[in-house]
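These notes are about the structure you will find just below.
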Number of protein chains: 2
Amino acid sequence: MEKQHANRLYQQIKGDILDNRLPVATALKQTELSTRYEVSRIPIRDVLTRLKNEGWLADCGKRGVMIPALSATEAEDLYLMRMYLEPLILNHGIPKINNQILGQAQDILEQIDQSKNSNIHQQGELNWQFHACIYQAAERPTLFNTIASLHQQCSRYIGYHSLELDYLETSQQEHYQLLTAIKNKQITKAKQILKAHISEAGEILVSHLLQKMQF
Amino acid sequence: MEKQHANRLYQQIKGDILDNRLPVATALKQTELSTRYEVSRIPIRDVLTRLKNEGWLADCGKRGVMIPALSATEAEDLYLMRMYLEPLILNHGIPKINNQILGQAQDILEQIDQSKNSNIHQQGELNWQFHACIYQAAERPTLFNTIASLHQQCSRYIGYHSLELDYLETSQQEHYQLLTAIKNKQITKAKQILKAHISEAGEILVSHLLQKMQF
DNA sequence: AAAATTAAAAATGTATACATTTTATAACCT
DNA sequence: AGGTTATAAAATGTATACATTTTTAATTTT
């Protein structure tokens, strides 16, 4: 693996953004980051452009980048798009789903069941793996990549769902219902469940964000 | 302007891809491009990652990038996504559209009318400006950026529509109908027109691509 | 004293040089 | 001879050095 160093740096900076170890709404300078992470500015630049594309950073005027504040409108847009696009790819995927994929999806759900006390971001990653596992069956790379990018952007917001105490449980129930509908080739029902699943998550998220912004 | 050089290089390489001055389905090497365009590999790398994000280039195995062949499936996915997302942003935009924006949109349409004999890519750019002009009124940057990215990816395929001789004319008729519906605040009608407009363009494109691939 | 202009400092973009990884070539073994 | 390992060549990633641009601060002007 050649890009191991670069990837580690990427993970490190992303983690530092997530856990508030880097200042929000402040211009981040390549030079600062370069000394902070003890690498030259070249790999820093690479990581910054990648993180900008993924929504973790935004341009800050003409020069430099900053960590954008969480935005209820952004969250709403992301979930709105997912609400429309994910049923679309599910529609293409269901006819091609075989038992191997179903088994894999079930495995992931069981992993989520056993992750109740683990890291919130690991749960988020497992959640994406479940969705991705099903969507990949559609063999629609362009559609898939856009959806993957939306999930990536959503991951900044993960942690707000969990404020709803029983959200993980509700979410898992919907996952199992979805899997059953897929197993039975009930395309319309599966799409409905999925759309409601995303819509619900979006609403919880947005309401928590709005609540937070009032204080 | 600081990034003028970088931007010129970006435009130049993109143009060379578009006009087949660079080999298709072949690994492009940074070193080669570096000597070809007479700059160091650093700005080349920047442009390559940008073009990869925009769909003009794709990873080629573990190392290097290549110009991906046009794909009917990709085109279908892009237009499918646009079909669902653009009516969405239009829905948010219509209530906020004022006469200034309507005037601006009309100006762009008249420019398109006068561009019948001009460059196909200029026509494509004007087409995007018309859509963008309306969508920006929605003030939904996240949704807007995703749609903009889809248009960007679609621009690789522009030129196939024009094989349909009277396509520009049909397309313009739909643009004017859309603008009228927006002016009259007929939200549902406007959304229908827009969806049909995109769907039609997608179908023409895909059918031409499929036709081409049979030979 | 406030605004504007100019000069200095800091930050980014780019070139060159070096390190590491990948790919291609050739030698070797069974 | 075919396949495998070792070696050389080429390509990419990264560090350092330099050029350009932007920002800051200070001086000047009204």
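The values are calculated or read from the model by the stated rules, or taken from the named source; none is laboratory data. A quick note: this is a predicted structure, and the numbers were derived from the prediction, not measured. For neighbour counting, all protein chains shown are included, and Cβ atoms are generated from backbone atoms with ideal geometry for every residue, glycine included.
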Subset of the range B:9-35, residues assigned to a helix (DSSP H, G or I), out of contact with any Leu (no Cβ under 9 Å at 6 or more places or on another chain) and within 12 Å of DNA strand D (Cβ to nearest atom), comes to B:31, B:32, B:34, B:35
Scan the range A:50-78 residue by residue and report those that are within 10 Å of chain B (Cβ to nearest Cβ) and more than 17 Å from the chain's Cα centre (by Cα).
A:58, A:62, A:63
With the requirement that a residue be charged (D, E, K, R) and out of contact with any helix residue (DSSP H, G or I) (no Cβ under 7 Å at 6 or more places or on another chain), what does the range B:27-58 give you?
B:29, B:32, B:36, B:38, B:52
Give A:97, A:101, A:89 a once-over and let me know the one that is more than 26 Å from residue A:19 (Cα to Cα), within 14 Å of chain B (Cβ to nearest Cβ), crowded, with 16+ Cβ neighbours inside 10 Å and among the hydrophobic types (A, V, I, L, M, F, W, C).
A:89
Could you check how many residues of the range A:133-183 are outside any helix (DSSP H, G or I), surrounded by fewer than 16 Cβ atoms within 10 Å (Cβ to Cβ) and within 14 Å of chain B (Cβ to nearest Cβ)?
1
I'd like to check something: does the range A:148-159 contain any residue that is under 30 Å from residue B:151 (Cβ atoms) and in contact with a Ser or Thr (Cβ under 7 Å, 6 or more places away or on another chain)?
no
Count of the range A:36-77 residues which are under 30 Å from residue A:210 (Cβ atoms), within 11 Å of DNA strand C (Cβ to nearest atom) and part of a loop (DSSP other than H, G, I, E, B)
3
Go through (1) farther than 20 Å from residue A:148 by Cα; (2) under 18 Å from the mean Cα position of the chain (by Cα) and name the single condition residue B:85 misses.
(1)
Check off (1) under 15 Å from residue B:93 (Cα atoms); (2) surrounded by 21 or more Cβ atoms within 10 Å (Cβ to Cβ); (3) more than 14 Å from chain A (Cβ to nearest Cβ) for residue B:127 and give me the number that stays unchecked.
(1)
Here the qualifying pairs (Cβ atoms under 6 Å; residues six or more apart or on different chains; first in the range A:162-175 and assigned by TED's automatic domain parsing to the domain that holds residue A:194 and of a type in the set (A, V, I, L, M, F, W, C); second surrounded by 17 or more Cβ atoms within 10 Å (Cβ to Cβ) and not in a loop (DSSP other than H, G, I, E, B)) come out as A:163/A:208
List pairs: first residue in the range A:133-145 and free of Cβ contacts under 8 Å to residues at least 12 places away in the same chain, second residue crowded, with 19+ Cβ neighbours inside 10 Å and assigned to a helix (DSSP H, G or I) anywhere in the structure, Cβ distance under 6 angstrom, at least six positions apart or on different chains.
A:142/B:74; A:142/B:77
Test each condition in (1) within 12 Å of DNA strand D (Cβ to nearest atom); (2) under 20 Å from residue A:145 (Cβ atoms); (3) surrounded by 12 or more Cβ atoms within 10 Å (Cβ to Cβ); (4) within 11 Å of another protein chain (Cβ to nearest Cβ) for residue B:41 and report the one that comes out false.
(2)
Test result for residue A:62, modelled with pLDDT of 95 or more, of a type in the set (D, E, K, R) and over 30 Å from residue A:190 (Cα atoms)
no
Being touching a Phe, Trp or Tyr at 6+ places or on another chain (Cβ under 6 Å) and either acidic (Asp, Glu) or within 23 Å of residue B:53 (Cα to Cα) (or both) narrows it down to one of A:84, A:79, so name that one.
A:84
Under 6 Å between Cβ atoms, at least 6 apart or on separate chains: pull out the pairs that start in the range A:178-197 with a residue that is closer than 19 Å to residue A:80 by Cα and end on any residue that is part of a helix (DSSP H, G or I) and among the charged types (D, E, K, R).
A:194/A:86; A:197/A:174
Kindly provide the set of residues from the range A:15-25 that are among the small types (Gly, Ala, Ser) and either over 16 Å from residue A:66 (Cα atoms) or surrounded by 11 or more Cβ atoms within 10 Å (Cβ to Cβ) (or both), ordered by number.
A:15
(1) at pLDDT 95 or above; (2) within 14 Å of DNA strand D (Cβ to nearest atom); (3) of a type in the set (Lys, Arg): which one isn't true of residue A:3, the others all being true?
(1)
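Let's see how each residue does on (1) farther than 27 Å from residue A:139 by Cα; (2) touching a residue at least 12 places away in the same chain (Cβ under 8 Å); (3) buried (at least 17 other Cβ atoms within 10 Å of the Cβ); (4) within 13 Å of chain B (Cβ to nearest Cβ):
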residue	(1), (2), (3), (4)
A:5	yes, yes, no, no
A:13	yes, yes, yes, no
A:27	yes, yes, no, no
A:33	yes, yes, yes, no
A:48	yes, yes, yes, yes
A:80	no, yes, yes, yes
A:85	no, yes, yes, yes
A:107	no, no, no, no
